[in-house]
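In what follows, a single structure is set out as structure tokens and then discussed.
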Amino acid sequence: MGCSLWPAELVGQYRDRGYWTGERLDAVAARFARTVPDRIALVDETERIGYGELERRISALASGFAAQGIRPGERVLLQLPNRVSFIVSAMALMRAGAVPVYLLPAHRISELAAIAVQAAPVAYIGPAVHAGFDYRELAGALSQGIPGGLQLIIDGTPGEGQVALEAVARNGAALAQQTVPVDTTALAFLQLSGGTTGTPKLIPRSHDDYLYSVRRSVEICGFDDETVLLLVLPAAHNFPMSSPGFLGALLAGGKVVLAGNGSPDLAFPLIEREQVTCVPLVPPLALAWTRAARTSTPDLSSLETVQVGGAKFLPGAAVELQEVLGVQLQQVFGMAEGLVCYTRADDDAVTVAQTQGRPMSEADEVLIVDDAGQPVAPGDPGHLLTRGAYTIRGYYKADEHNKTAFTADGHYRTGDIARQLPGGHLVVEGRSKDQINRGGEKISAEEVEDHLLAHPRVHDAALVAVPDPFLGEISCAVIVPDGVAPSRAEIVTFVRGRGVAAHKVPDRVHIVPDFPLTGVGKNSRAELRRALAAQLNPTA
Ligand code: J2J
């Protein structure tokens, strides 16, 4: 079943070198379930469960999924917020040999429908209502648009024709437990890429490559059974999932505390109550925590490490965070496609504040090249390319796109502009990809432009990044109107109405009579966005 995601000779090499071990992701916590079943593994707003209970729930739900007719290899959309059921469902799907497709709670119908086209799922798992939004309706609308429909499984009170996750688990608990054998080098789950195109790209990861990245992250970050990890970023993101993330904390026998959001009001008391030792944050949250800790006196004495990644964290803010919170900062530069870099505990203060860390594995190959693909002089900035034992070789079912997203010899073109210091540390200087990084949430310019172009009074549109002191970047829709120019409110209502994640709705709207003339051909859109960004941000 399945087929290896990596060339056969590399599979052999990675095994021989001990990177790939043949273990499975759904078994990360199994050892502790046997040895210390009562040790607390997961805590969320409503419950606290031990390793033994976690394992029982995974087994029961896996049998329940099988009883529902979900078969090995089939894809299942998973859209749960940060709660115990997210982790249990993800593991249970993999235990049943099925393939979770990780969605964010923020995703709406347009994202779900586009992802469904790529992933061809058989089922959807989501909450009933979360943060005031009814996911049962969203799931129903999604299913209606898919020939044959989807099986809809709801964590909470289900809608008509939908099944309760709890009922699936209860049913499974009464059945014989079985672990479906899997090829650990083949597809285990699909992550969403930050995206640069109109249609989302899915990232295929295997048990072997992902577990290697988690295991190596655990070593570097020193996670052990005393680690208490606080998750405030959506657990479906690669960073809180695997760098070392909740998988790393469970692999080490630690405790994972799942919180609904990262506001200091919620997080600071949780840190004290649960004696949290580590938390992954994006830069805007790191800034918000620094600010909040200046004006209040939270007891953060248990907190040892704050990891910051997802977007550039500026050196000044890095120094301030450590002073005010009294913690060690770890910069993390990673991507769901693979490569993850960390600053290390023994790096000097300047390196921690001013670099985005160095690759975690000796098997990570990093190249910095010029526009022509030639290596730049050491220390010069250039396009970052990478390959290695946990960096994908291609997006899921995207042969055409893969021809440009990867080099002929299998390097992933990250779209980041970076320079490498003599010790191997990378400094991220910018990017060449058509993406806006809004405080760690990635926005594909083309995807939003496609929505804007659907407006009857939009003749042409480009989405560009504008600097923002808090989020790093926000998005500005530059619009050439057709007739009376639409107002910002109209654009916002229109884009929201098409069902997109809130972070993709343009922050600003700028009307222009026409676009500057740029070169013709394939790159003209990218050039146009660059030209418009330069006009909007003359000092940048
Ligand atoms: C500058 N840019 C950064 C950083 C990511 C760990 C940490 C982050 C991600 C992640 C991840 C950055 N400074 N410290 O998956 O495991 C930008 C780059 C990169 C893109 C990847 C992990 N850390 N970035 O952010 O797939 O542009 O993964 O290519 O969401 O975020 O985004 P994503």
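Annotations
The rows are residues; the columns are (1) of a type in the set (Phe, Trp, Tyr); (2) outside the structural domain of Pro283 (by TED's automatic domain parsing).
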residue: Thr391; (1), (2): no, no
residue: Tyr395; (1), (2): yes, no
residue: Lys403; (1), (2): no, no
residue: Gly415; (1), (2): no, no
residue: Gly440; (1), (2): no, yes
residue: Glu449; (1), (2): no, yes
residue: Pro456; (1), (2): no, yes
residue: Pro469; (1), (2): no, yes
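- The lone exception for Val279 - which of (1) of a type in the set (A, V, I, L, M); (2) part of a helix (DSSP H, G or I); (3) within 16 Å of the ligand (Cβ to nearest atom) it fails: (2)
- Residue in region 369-384 that is in contact with a Lys or Arg (Cβ under 7 Å, 6 or more places away or on another chain), part of a loop (DSSP other than H, G, I, E, B) and surrounded by fewer than 16 Cβ atoms within 10 Å (Cβ to Cβ) present: yes
- Checked against (1) open to solvent by 10 Å² or more (accessible area, probe 1.4 Å); (2) under 22 Å from Lys442 (Cα atoms); (3) of a type outside the set (Phe, Trp, Tyr), Ala119 passes all but condition (1).
- The residues of region 427-464 that are in contact (Cβ under 8 Å) with a residue 24 or more places away in the chain, among the hydrophobic types (A, V, I, L, M, F, W, C) and open to solvent by less than 20 Å² (accessible area, probe 1.4 Å), listed by number, are Val427, Ile436, Ile443, Ala445, Val448, Leu452, Val458, Ala462, Leu463, Val464.
- When residues of region 282-309 are limited to those that are open to solvent by less than 20 Å² (accessible area, probe 1.4 Å), of a type outside the set (Phe, Trp, Tyr) and assigned to a helix (DSSP H, G or I), the one nearest to Ala418 (Cα to Cα): Pro283
- Test: Gly424 is on the phi > 0 side of the Ramachandran plot, surrounded by fewer than 19 Cβ atoms within 10 Å (Cβ to Cβ) and within 16 Å of the ligand (Cβ to nearest atom): yes
- Residue within region 288-298 that is within 16 Å of the ligand (Cβ to nearest atom) and outside the structural domain of Leu80 (by TED's automatic domain parsing) present: no
- Some residue of region 36-52 being open to solvent by 40 Å² or more (accessible area, probe 1.4 Å) and within 24 Å of the chain's Cα centre (by Cα): yes
- Here region 23-51 is the region considered, the condition is being outside any loop (DSSP other than H, G, I, E, B) and not hydrophobic (A, V, I, L, M, F, W, C), and the residue that is farthest from Glu226 (Cα to Cα) is Asp26.
- Candidates Ile271, Ile203, filtered to the one that is away from the ligand (no atom under 15 Å from the Cβ) and either part of a helix (DSSP H, G or I) or out of contact with any Pro (no Cβ under 8 Å at 6 or more places or on another chain) (or both): Ile271
- Answer from Lys255, Lys312 - the residue that is open to solvent by 30 Å² or more (accessible area, probe 1.4 Å) and more than 19 Å from Leu229 (Cβ to Cβ): Lys312
The values are calculated or read from the model by the stated rules, or taken from the named source; none is laboratory data. What you are looking at is a predicted structure, and each value in this text was computed from that prediction instead of being measured. Cβ: placed from backbone, ideal geometry, glycine included. Neighbour counts: every protein chain shown. These area figures cover heavy atoms from the full protein model, side chains too; ligands, DNA and RNA do not enter into them. Shrake-Rupley method; radii C 1.70, N 1.55, O 1.52, S 1.80 Å.
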